[in-house]
Amino acid sequence: MGFLRIRTTVDERPGRLASLAAALAERGGNILGLSVQPDTDGTVDEFVADIPASPEVVKAALESAGGRRVQVVPATAHELTDEPTRALLLASRLRGAPWRLPELLAELLRADDARWVYGEAVRDLPDPTLLVVPVAAKRAIKVRRSDLPFTLTEAARAASFVRLAQPPAEPSSSARVLRLSDGVEAEVRPLTNIYREAIRDLHERCSPESRRFRYFTSMPSLPPRVFDRLVDRSRGLSLVACHDGQVVAMANLMFTPDPGIAEMAVLVEDRWQGRGLGAALARTLVQEARDLGYAEVRATLLSDNARMRRLMISLGATLAYTEDPGVVEARLAVGALV
């Protein structure tokens, strides 16, 4: 018997995880730990298993069960520690000794090495066994792990962990000002119930095409139940952009059942389109998603929504068609936002 850490990428289809678990069971494996992480081209399933089979046999079995990029490395009983508990203990140690940030970050990620880097070295590297975690302007920690590539979820965990060692931000008001390309300013605030009538007016001023691009139907008004869902902070985060006391745009970041993934949507009044407001709101949402610990933001678009397609691509998203030929899915790793 021996402990193994097993990682494989699978397509997001019902039953894939069950197939992998069955393949391990057939080789006498006992799954002792499991994590599911989103990645750029599928879902990464990671197991810690007590299994008598060799790594080569386990790798072949999981590939036959539909796994891709299967990697199997030795593990120890120490790795069976409950992950949330381990992360909280490391966070507690970090708050007491923030100067040990590289060392503790390496322990969090089970990495081989972590060290400070400066200047141009803070830029992202193409090597998947290297992770660069920004700490400040032109200062970062470069983490190396030779046996398993880093996932988007691990990158998000590392970014959240690093922020624990940083001094608290200065208090700021809930509003922020966006200066658009033409010099006009719009004030961005969280969506609350006081904007219920203003959101109704925004939808009435938007063209049927703008509403169709946002909701896939040209609904003349927003149903009250939908508005209630958008202002519910347990379900997501929504923002409004205001100019001269009027709401001219709305941006929504909705949490999903998929671990580490949030979904984004933007509605901009027609006369404000093409001025950079939608891009600024989208960028703000992605930054908020990163601060909340999400690894990826997705947007579901109608294929003829050229403006939103360009916006997502400009942020670094990849586009892929869905089973519906008229619908496109944009996927953006929060770490890809410049």
Residue 302-residue 88 pseudo-label distance in nm [points 7 Å out on the Cα-to-Cβ vector]: 4.7 nm
With a 10 Å radius around each residue's Cβ, average the other Cβ atoms per peptide and rank 144-150, 285-291, highest first. 285-291, 144-150
Rounded, prolate or oblate: which one fits segment 20-88, using the alpha carbon gyration tensor with axes a ≥ b ≥ c (rounded when a/c is under 1.5, else prolate when a/b beats b/c, else oblate)? oblate
Can you tally the net charge around residue 27? Count Lys and Arg as +1, Asp and Glu as -1, for every other residue whose Cβ sits under 14 Å from the Cβ of residue 27. -3
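Apply the Kirkwood formula to segment 186-318: the hydrodynamic radius equals the inverse of the mean of 1/r over all pairs of different alpha-carbon atoms; give it in Å with one decimal. Could the numbers behind the result be given before it?
Details: mean 1/r = 0.0671 Å⁻¹.
When all Cα pairs of segment 186-318 are included, the Kirkwood radius is 14.9 Å.
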Could you work out the relative contact order of segment 189-324? I mean the mean sequence separation of Cα pairs under 8 Å and 6+ apart, divided by the number of residues, in percent. 20 percent
The chain: Kirkwood hydrodynamic radius (Cα pairs, Å) comes out at 22.2 Å
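Given contacts defined as C-alpha pairs under 8 Å and at least six residues apart, what's the relative contact order of the chain, whole-number percent?
Numbers: 600 pairs, mean separation 39.4, N = 338.
Relative contact order for the chain comes out at 12 percent.
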PRE zone check, label point 7 Å out along Cα-to-Cβ of residue 12, amide N under 14 Å, scope segment 297-338, hits 297-301, 318-324, 328-334
According to a simple spin-label model (label point 7 Å from Cα along Cα-to-Cβ), what is the distance in nm between residue 323 and residue 127? 4.1 nm
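Provide the FRET efficiency to the nearest 0.05 for the residue 197-residue 163 pair, computing r from the beta carbons and using R0 = 35 Å. List each step's numbers first, then the result.
Values: r = 37 Å, r/R0 = 1.06.
For residue 197 and residue 163, the calculated efficiency is 0.40.
Quick one: length gained pulling residue 60 to residue 246 fully straight, 0.36 nm per residue minus the C-alpha distance? Could the numbers behind the result be given before it?
Numbers: separation 186, 0.36 × 186 = 66.96 nm, distance 6.06 nm.
Working it through step by step, the gained length comes to 60.9 nm.
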For segment 26-93, what is the relative contact order in percent, using Cα pairs closer than 8 Å and at least 6 residues apart in sequence? 26 percent
Enter the accessible area per residue of the chain (Å², integer; probe 1.4 Å; all protein chains in place). 50 Å²
Which of 265, 111, 320 moves the most in a Gaussian network model of the chain with Cα springs under 10 Å? 320
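Would you calculate a helix-derived [θ] at 222 nm for the chain, using -39,500 (n - 2.57) for each DSSP H run of n ≥ 4 and dividing by the full residue count, to the nearest 500?
Only helices count here, giving -9500 deg cm²/dmol.
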Among 249, 198, 155, which one moves the most in a GNM of the chain with springs linking Cα atoms closer than 10 Å? 198
q = 0.13, 0.18, 0.26, 0.28 Å⁻¹: log10 I(q)/I(0) that the Debye formula gives for segment 178-252, counting C-alpha atoms only: -0.39, -0.75, -1.30, -1.38
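The values are calculated or read from the model by the stated rules, or taken from the named source; none is laboratory data. Just so we're clear, the structure is a prediction, and the values are computed from it rather than from any experiment. For neighbour counting, all protein chains shown are included, and Cβ atoms are generated from backbone atoms with ideal geometry for every residue, glycine included. The area values use the complete protein model at the heavy-atom level, side chains included, leaving out ligands, DNA and RNA. Shrake-Rupley method; radii C 1.70, N 1.55, O 1.52, S 1.80 Å.
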